[in-house]
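J.: Take a look at this one; I'll ask things after.
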Amino acid sequence: MKNKLQNLKQEVLSQLAGIADIFDIEKVEKKYLGKKGELAAVFKELKSLPEKEKKAVAQQAQQLRDEVMDKIVELKNKFGSIDEKDGFIDVTLPGVKIEGGHLHPLTQVQRDLERIFLSMGFKILEGPELESDYYNFEALNIPKTHPARDMQDTFFIDQKNKAGEYDLVMRTHTSNVQVRAMEKYGAPLRAVALGKIYRNENIDASHEHTFYQIEGLMIDERISLANLAGVLKEMFSGFYQKEVNIRMRPGYFPFVEPGLEVEMSCVFCNGRGCSVCKKTGWVEMLGAGLVHPNVLRAGGIDPDKFQGFAFGTGIERLAMLKYGIDDIRLFNSGDMSFLNQF
Ligand code: DAH
C-alpha cells in the first residue's frame, strides 16, 4: 500500500508539472481529487488494512491529498479561471449596470431658484463665507453692542486685525451680500445671493451648523411691500409649481423697517390644515422687510431717493418642504439611498 501511494505521488507530481492550461488542471483535479478519483479509492482501501498499518498509511494519503490541493490552487491562480480564459466571454451573464452621477438635491434646488429669479431680471451674486464683522453685522445696522447679535450664534475667527480687534467671522447669513452689492452696482438693483452660511448651533433634525440661504434685494425709486409680495409669490409658486398664497406679519430684523415674517399657504394640504403646517394651513417661510435707511446709506445709496426690499431664508427648508424631507442632516449624510431619490 505504501508503495502504491509512492507511485501515485510520482504520477500526480509529474502530471501537475506538465500542466499547460486551465483545462489540464480541471482534468488532473478530477482524476486524483474527484469523488471517484484515485485518492478516494485509496481512502476506501484503508478500511481493509490491518490496524497497525492503517494509521501511517492514512497520514501519508492525507499528506498527499493536501499537497495536491495546494499545488492545484497555486496553478489555478497562475492560469486564471475558465471564465476569464482568453477571449472566453459568457454572453449569458447579466450585464453590469453603470450608475450615472447627478447633482446634489441642494444644488438642484439652488439652480431652480436661480432660474426663477433670472426670469424676473435679478442678478445672481456670491459673497465671501469668511466675512468681516462690518459686512456681516455693522453695515446691516447691527452695531457691536446691538442685542440682535445674540440672534445668531456666530463663529468668530481667532485672529486680530491691525487695530487689535477680532473682526472676521464665518458669515451667519447671506445678508452680508447686501451692502457689498450696493457698493458694487448702486441703484437701481435686483439681485439674489445664494450660498453657505455658518452658525454655532446644536445639531438636530431641523438645525445644522452649516447650511444654505438665499438672500434677495431689490432697490428702486418706488419700491413698496406690494413689490415684495409679488416677487415672493412668484418665487414660491415657481418653486413649488403650484399657485400659493402668502401673508405677512410684523417681525424684527435690524436691517429692515418695517420687518416682516412671511408665511406661505401650506403646499402639502393647500391650506386645509395638516401635520406639516400644524393644522394652521400656513407655514413660516422667511424674514423680509423694507431695507433700513441706515443700510442704504452704508451702501452709498440715498434713502430719500431710493427704497428697497430684502428677504432671506434657508434653502434646506425650502427643499424639505418641497420633497417632504423631515431631517436636515440627511443632506450632508452622504447616504446614497437618500441622494439617489433626486
Ligand atoms: N438674515 C436673516 C437670517 O439669517 C434673514 C433675513 C431676514 C434676511 C430679513 C433679510 C431680511 O434680508 O430682510 O435669519
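J.: Where residues in the stretch 256-273 are open to solvent by less than 30 Å² (accessible area, probe 1.4 Å) and more than 16 Å from the ligand (Cβ to nearest atom), which of them is nearest to Pro188 (Cα to Cα)?
T.: Quick first cut of the stretch 256-273, residues open to solvent by less than 30 Å² (accessible area, probe 1.4 Å) only: 256, 259-260, 262-267, 269, 273.
Next cut, more than 16 Å from the ligand (Cβ to nearest atom) only: 265-267, 269, 273.
Values: Ser265: 31, Cys266: 33, Val267: 33, Cys269: 39, Gly273: 40 Å.
Applying the filter and picking the extreme gives Ser265.
J.: Give Gln241, Gln341 a once-over and let me know the one that is more than 14 Å from the ligand (Cβ to nearest atom) and at positive phi. Give the steps one after another, and end with the answer.
T.: Numbers: Gln341 fails: at positive phi.
Of Gln241, Gln341, the one residue that is more than 14 Å from the ligand (Cβ to nearest atom) and at positive phi is Gln241.
J.: Taking Lys52 as the residue in question, decide whether it is in a helix (DSSP H, G or I) and under 30 Å from Phe88 (Cβ atoms).
T.: Working: in a helix (DSSP H, G or I): yes; under 30 Å from Phe88 (Cβ atoms): no.
Spelling it out, it is not the case that Lys52 is in a helix (DSSP H, G or I) and under 30 Å from Phe88 (Cβ atoms).
J.: Based on this model, can you work out whether Lys279 counts as of a type in the set (D, E, K, R) and under 30 Å from Lys184 (Cβ atoms)?
T.: On the way: of a type in the set (D, E, K, R): yes; under 30 Å from Lys184 (Cβ atoms): no.
So Lys279 does not fit the description; no.
J.: So, in the stretch 42-72, exactly how many residues are out of contact with any Asp or Glu (no Cβ under 6 Å at 6 or more places or on another chain) and surrounded by 11 or more Cβ atoms within 10 Å (Cβ to Cβ)? Please lay out each step first, then the result.
T.: Narrowing the stretch 42-72 to residues out of contact with any Asp or Glu (no Cβ under 6 Å at 6 or more places or on another chain): 42-71.
In the following step, the residues that additionally are surrounded by 11 or more Cβ atoms within 10 Å (Cβ to Cβ) were identified as 42-43, 45-46, 49, 53-58, 60-65, 67-69, 71.
Counting residues in the stretch 42-72 that are out of contact with any Asp or Glu (no Cβ under 6 Å at 6 or more places or on another chain) and surrounded by 11 or more Cβ atoms within 10 Å (Cβ to Cβ) gives 21.
J.: Does Gly334 satisfy being within 30 Å of Gly186 (Cβ to Cβ) and either within 16 Å of the ligand (Cβ to nearest atom) or assigned to a loop (DSSP other than H, G, I, E, B) (or both)?
T.: Numbers: within 30 Å of Gly186 (Cβ to Cβ): no; either within 16 Å of the ligand (Cβ to nearest atom) or assigned to a loop (DSSP other than H, G, I, E, B) (or both): yes.
So Gly334 does not fit the description; no.
J.: Taking interchain pairs and intrachain pairs at least six residues apart, which have beta carbon atoms under 7 angstrom, with the first residue in the stretch 309-334 and of a type in the set (D, E, K, R) and the second open to solvent by 50 Å² or more (accessible area, probe 1.4 Å)?
T.: Glu316/Tyr212; Arg329/Ile203
J.: Has the stretch 266-281 got at least one residue that is among the basic types (Lys, Arg) and under 23 Å from Arg111 (Cβ atoms)? Before you say what the answer is, go through the steps one by one.
T.: Of all residues in the stretch 266-281, those among the basic types (Lys, Arg) come to 272, 278-279.
From what's left, under 23 Å from Arg111 (Cβ atoms): none.
Scanning the stretch 266-281 turns up no residue that is among the basic types (Lys, Arg) and under 23 Å from Arg111 (Cβ atoms).
J.: Please indicate, with yes or no, whether at least one residue in the stretch 158-169 is among the acidic types (Asp, Glu), over 18 Å from Phe306 (Cβ atoms) and outside any loop (DSSP other than H, G, I, E, B). Before you say what the answer is, go through the steps one by one.
T.: Our first condition is that a residue be among the acidic types (Asp, Glu); within the stretch 158-169, this holds for 158, 165, 167.
After this cut, where a residue has to be over 18 Å from Phe306 (Cβ atoms) as well, the list is 158, 165, 167.
From what's left, outside any loop (DSSP other than H, G, I, E, B): none.
Checked the stretch 158-169: no residue is among the acidic types (Asp, Glu), over 18 Å from Phe306 (Cβ atoms) and outside any loop (DSSP other than H, G, I, E, B).
J.: While we're here: Within the stretch 124-144, work out how many residues are in contact with an Asp or Glu (Cβ under 6 Å, 6 or more places away or on another chain) and among the hydroxyl-bearing types (Ser, Thr, Tyr). Talk me through it step by step, then tell me what you get.
T.: Start the filter on the stretch 124-144 by keeping residues that are in contact with an Asp or Glu (Cβ under 6 Å, 6 or more places away or on another chain), which leaves 124, 132-133.
From the residues that got through so far, the ones that are among the hydroxyl-bearing types (Ser, Thr, Tyr) too are 132.
Residues meeting the conditions: 1.
J.: Among Lys35, Lys78, which is the only one that is open to solvent by 60 Å² or more (accessible area, probe 1.4 Å), over 30 Å from Tyr323 (Cβ atoms) and in a loop (DSSP other than H, G, I, E, B)? Even if it seems obvious, please write down each step before you answer.
T.: Values: Lys78 fails: in a loop (DSSP other than H, G, I, E, B).
Only one candidate qualifies: Lys35.
J.: Here is a further query. Just to verify a result, which residue in the stretch 291-301, among those that are touching a residue at least 12 places away in the same chain (Cβ under 8 Å) and surrounded by fewer than 20 Cβ atoms within 10 Å (Cβ to Cβ), is farthest from the ligand (Cβ to nearest atom)? Before the answer, list the steps.
T.: Applying the first criterion (touching a residue at least 12 places away in the same chain (Cβ under 8 Å)) to the stretch 291-301 yields 291-296, 298-301.
In the following step, the residues that additionally are surrounded by fewer than 20 Cβ atoms within 10 Å (Cβ to Cβ) were identified as 293-294, 300.
Details: Pro293: 14, Asn294: 13, Gly300: 18 Å.
By that ranking, first place goes to Gly300.
J.: What residue, among those in the stretch 199-214 that are touching a helix residue (DSSP H, G or I) at 6+ places or on another chain (Cβ under 9 Å) and assigned to a loop (DSSP other than H, G, I, E, B), is farthest from the ligand (Cβ to nearest atom)? Lay out the reasoning, then the answer.
T.: So in the stretch 199-214, the residues touching a helix residue (DSSP H, G or I) at 6+ places or on another chain (Cβ under 9 Å) come out as 203-208, 210-214.
Of the ones still in play, those that are also assigned to a loop (DSSP other than H, G, I, E, B) are 203, 205-206, 208.
Details: Ile203: 17, Ala205: 19, Ser206: 14, Glu208: 13 Å.
My answer is Ala205.
J.: With (1) over 17 Å from Val295 (Cβ atoms); (2) of a type outside the set (S, T, N, Q); (3) in contact with a helix residue (DSSP H, G or I) (Cβ under 6 Å, 6 or more places away or on another chain) as the list, and Lys196 as the residue in question, which single condition is left unmet?
T.: It fails just one condition, (3).
J.: Can you tell which of Val283, Val276 is more than 9 Å from the ligand (Cβ to nearest atom) and either outside the structural domain of Asp220 (by TED's automatic domain parsing) or open to solvent by less than 50 Å² (accessible area, probe 1.4 Å) (or both)?
T.: One residue alone meets the criteria, Val283.
J.: From the set of residues in the stretch 170-197 that are away from the ligand (no atom under 11 Å from the Cβ) and part of a strand (DSSP E or B), which is nearest to Gln307 (Cα to Cα)? Give the steps one after another, and end with the answer.
T.: Within the stretch 170-197, the first condition is being away from the ligand (no atom under 11 Å from the Cβ), and the residues that meet it are 170, 179-191, 194-196.
Keeping just the survivors that are part of a strand (DSSP E or B) gives 170, 189-191, 194-196.
Working: Met170: 29, Leu189: 10, Arg190: 12, Ala191: 14, Leu194: 22, Gly195: 25, Lys196: 27 Å.
My answer is Leu189.
J.: To continue, here is another question. Contact list please: Cβ distance under 6 Å, first residue in the stretch 169-186 and at positive phi and open to solvent by 20 Å² or more (accessible area, probe 1.4 Å), second residue polar (S, T, N, Q) and within 12 Å of the ligand (Cβ to nearest atom), pairs at least six apart or on different chains.
T.: none
J.: Examine the stretch 241-251 for a residue that is touching a helix residue (DSSP H, G or I) at 6+ places or on another chain (Cβ under 9 Å), under 20 Å from Gln110 (Cα atoms) and open to solvent by less than 20 Å² (accessible area, probe 1.4 Å), and state whether such a residue exists.
T.: Yes; the residues of the stretch 241-251 include at least one that is touching a helix residue (DSSP H, G or I) at 6+ places or on another chain (Cβ under 9 Å), under 20 Å from Gln110 (Cα atoms) and open to solvent by less than 20 Å² (accessible area, probe 1.4 Å).
J.: Which of the residues belonging to the stretch 199-229 are under 15 Å from Phe311 (Cβ atoms), open to solvent by less than 40 Å² (accessible area, probe 1.4 Å) and not polar (S, T, N, Q)?
T.: Passing the criteria: Ile214, Glu215, Gly216, Leu217, Met218, Ile219, Ile223, Leu228, Ala229.
The values are calculated or read from the model by the stated rules, or taken from the named source; none is laboratory data. Here the structure is a predicted model, which is why all the values come from computation and not from measurement. Heads up, the Cβs are rebuilt from the backbone with ideal geometry, glycines too, and the neighbour counts pull from every protein chain shown. Side chains are part of the model used for accessible areas, which takes the heavy atoms of the whole protein and leaves out ligands, DNA and RNA. Shrake-Rupley method; radii C 1.70, N 1.55, O 1.52, S 1.80 Å.
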